[in-house]
Amino acid sequence: MKKRLIYLFFCGLLLAGIIHIIIILLIPYFGSKDAAKQISRQLVSQKFYYINDGKSLGISNTDPFLKLSVCKFDLEKSAIEIVGPDTGTFWSASVFDERGRVIYSLNDRTAIQNRLKMVIVNPIQMADIRQLQPEEIESSILVESRAERGFVLLRALVPDQSWESQSLDFLKRAECIPYVTNSAVTPEG
Amino acid sequence: MRILINIFVVLLIGLGLGGLSANFALQRSLQVGAVTTGSWSAWPFVGGAEVDPYTSAKATTSGSIPLGAAEGLAFEATSDREGKNLDTRCSYEIAGSTSTARLWTLTAYDLDGKLILNDGVFVSGVYSGNIVRFPDSSFVVHVSSTPKSGNWLPIRGDSRMKLVLRLYDTPITSNSGLVDTQMPRIQSTGCQK
């Protein structure tokens, strides 16, 4: 009888271990509080959304001193160009894949001439750009993403109300537009 | 009949312990994949491709969006330097200095990731550009429900909380541990009963 109980307990323990691992591994796929999932579900792509309060998109742990703007992209439709106006405040940008993993990140000091100018492409579009070498790409940061879908998140510093106009201006004027190489005008074409 | 009871017992132990332990691992924010300095822990790989499953699951359930390496690094603390849980009924002094960063913010959240105070008048947070410092650039931030002179981080309520110190544009994320991470101490200065 005692032997049987010990045996059952160890079987249970083994099952517990398996279930523990399964739960941990499956949470990223089935979790509903996932901010990345909410963004993918609720937003329309190729447009920046200013986020005053993360609550509506299920984003928690937001920094009250940094305001956010988010743009969803789908590289299957087209490559995407992110352009922001000149600004004196601290800003940073991250490119995420659908599951909320960072593909690339930069801030105002690591950007070319402190300006937000970035083109996100998939490997095929990257090959096109390499071949055509369009001039405008020289002043942009090229980000190759293997994930077709994802989103770009801009953060701008708003430590107090006196900074609000400048930072909000940056976030609201930032553009997220389809990028098309001027392949039609190249002499080879 | 006996076999059915056996299966039932095994399932009960398995599902119960498995579920509880998974929940516990996420609630206690296990130190898997973390970089720890004093009471502070950061998960520098949370946004990366090499993220471990625990960190990944924790990020999903918390609903937060990680900072990219070029953006900065967020350090979390849920206990003071004596190892006691942080509580909004208590007052704390956060003293010392941080690692090099262009700017940082210190904020207080409840365990669901909601700012403790953010009502337009009070914000449970301080920003590195708006604080007073000692001549050697170290600082003291008073975390308390009653106003304090100097740097005051207002809190309210009677629940557990966590403090998050975010370093923006910091070299910590872009080196291989050559720069020592330096974080301020969290010292409890008494609790209301």
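The values are calculated or read from the model by the stated rules, or taken from the named source; none is laboratory data. Predicted, not measured: the structure shown is a model, and the values here were computed from it. Neighbour counts run over all protein chains shown; Cβ positions are idealised from the backbone, glycine included.
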Does the range B:76-90 include one or more residues that are among the hydroxyl-bearing types (S, T, Y), facing chain A (nearest Cβ under 9 Å) and in a strand (DSSP E or B)? no
Looking only at the range A:131-189, count how many residues are at pLDDT below 85, hydrophobic (A, V, I, L, M, F, W, C) and in contact with a Pro (Cβ under 9 Å, 6 or more places away or on another chain). 0
Go through the range A:52-90 residue by residue and tally those that are at the interface with chain B (Cβ under 10 Å from one of its Cβ atoms), over 13 Å from the mean Cα position of the chain (by Cα) and assigned to a strand (DSSP E or B). 1
Do you know which residues across the range B:102-116 are part of a loop (DSSP other than H, G, I, E, B), in contact (Cβ under 8 Å) with a residue 12 or more places away in the chain and either at positive phi or surrounded by fewer than 19 Cβ atoms within 10 Å (Cβ to Cβ) (or both)? B:R102, B:L111, B:G113
Could you list, in sequence order, all residues of the range B:125-166 that are within 14 Å of chain A (Cβ to nearest Cβ), within 13 Å of B:I94 (Cβ to Cβ), not in a strand (DSSP E or B) and not aliphatic (A, V, I, L, M)? B:S128
Any chance B:T88 is farther than 19 Å from A:F65 by Cα, at pLDDT 90 or above and of a type in the set (V, I, T): yes
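To keep it simple, each residue is scored yes or no on (1) touching a residue at least 24 places away in the same chain (Cβ under 8 Å); (2) within 18 Å of the chain's Cα centre (by Cα); (3) exposed (fewer than 13 other Cβ atoms within 10 Å of the Cβ).
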residue	(1), (2), (3)
A:D108	no, yes, no
A:V121	yes, yes, no
A:I124	no, no, yes
A:A147	yes, yes, no
A:A156	yes, yes, no
A:S165	no, no, yes
A:C176	yes, yes, no
Check off (1) modelled with pLDDT under 90; (2) over 13 Å from the mean Cα position of the chain (by Cα); (3) crowded, with 19+ Cβ neighbours inside 10 Å for B:S64 and give me the number that stays unchecked. (2)
